[in-house]
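What follows is calculated from the coordinates using simple rules that are stated; it is not laboratory data. If you're wondering where the values come from, they're calculated on a predicted model, not measured in any experiment. All Cβ positions, even for glycine, are placed from backbone atoms using ideal geometry, and neighbour counts span all protein chains on display.
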Amino acid sequence: MITTIIALALGGIIVATIVLFALDRGPSPSEIAESYELAWDRLDFAALWSMSGDELRDGLDRRAYLAAKTAAYAGRSNLGGLAERVDLDEVDVGLAFARIRTRVTLRGGEVVHNDVVLARRGSAWVVTGYSLAPGPTQPA
């Protein structure tokens, strides 16, 4: 009797866990766009690789990508840690495509806008395009 109760309880926990994982859609395009901006600010190339689609990986595998980015930014730590905050100005999300315009307020008060383009690949969103948005930078 007690064995049956334990088996049913354990079975219920396993089923609930599977259902929760199946329903989890992962991070939203907005969350990924904000994280992508912050990863660039930290010069966190491993995080950038994880969030990027093949379009932004320069045709390199993970190890080669990390080595290339690390070499390109060697001695350029002044390019990181510039962001005071990241906000989302425009969010346009469809079923398999998203475009998000970010507003990055730099520590010096300047504001930079970037366009982050994402595509749904399987069950996850990945960044497939990243560019400076048109328009001048401005003080906050």
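Given the Cα-Cα distance of residue 87 and residue 107 and 0.36 nm per residue of separation, how much length would full extension add, in nm? Intermediate values should be presented prior to the final figure.
Details: separation 20, 0.36 × 20 = 7.20 nm, distance 1.40 nm.
Net length gain for the segment: 5.8 nm.
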Review point. Considering only the other residues whose Cβ falls under 11 Å of the Cβ of residue 126, what net charge follows from Lys and Arg at +1 and Asp and Glu at -1?
Key: +1
Check your understanding: Under a plain spin-label model, where a point goes 7 Å from the Cα along Cα-to-Cβ, how far apart in nm are residue 3 and residue 78?
Key -> 7.3
Review point. Going out from 0 in 5 Å bins, what whole percent of all Cα-Cα distances in the stretch 27-139 drops into each bin?
Key: 2, 12, 21, 23, 20, 14, 6, 1, 0
Point to revise | DSSP-loop trypsin sites (Lys or Arg not before Pro) across the stretch 28-101, with at most 13 other Cβ within 10 angstrom | key: 76
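How long is the gain from residue 121 to residue 96 if the chain were fully straight, where each residue apart is worth 0.36 nm and the alpha carbon distance is subtracted? It would help to have the intermediate numbers written out before the result.
Details: separation 25, 0.36 × 25 = 9.00 nm, distance 0.78 nm.
The residue 121-residue 96 span can extend by a further 8.2 nm.
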Practice item. Round to the nearest 0.05 the FRET efficiency obtained for residue 71 and residue 50 when R0 = 22 Å and r is the Cβ-Cβ distance. Key: 0.65
Practice item. Within the set of other residues whose C-beta is less than 14 Å from the C-beta of residue 70, count the net charge using Lys and Arg as +1 and Asp and Glu as -1. Key: +3
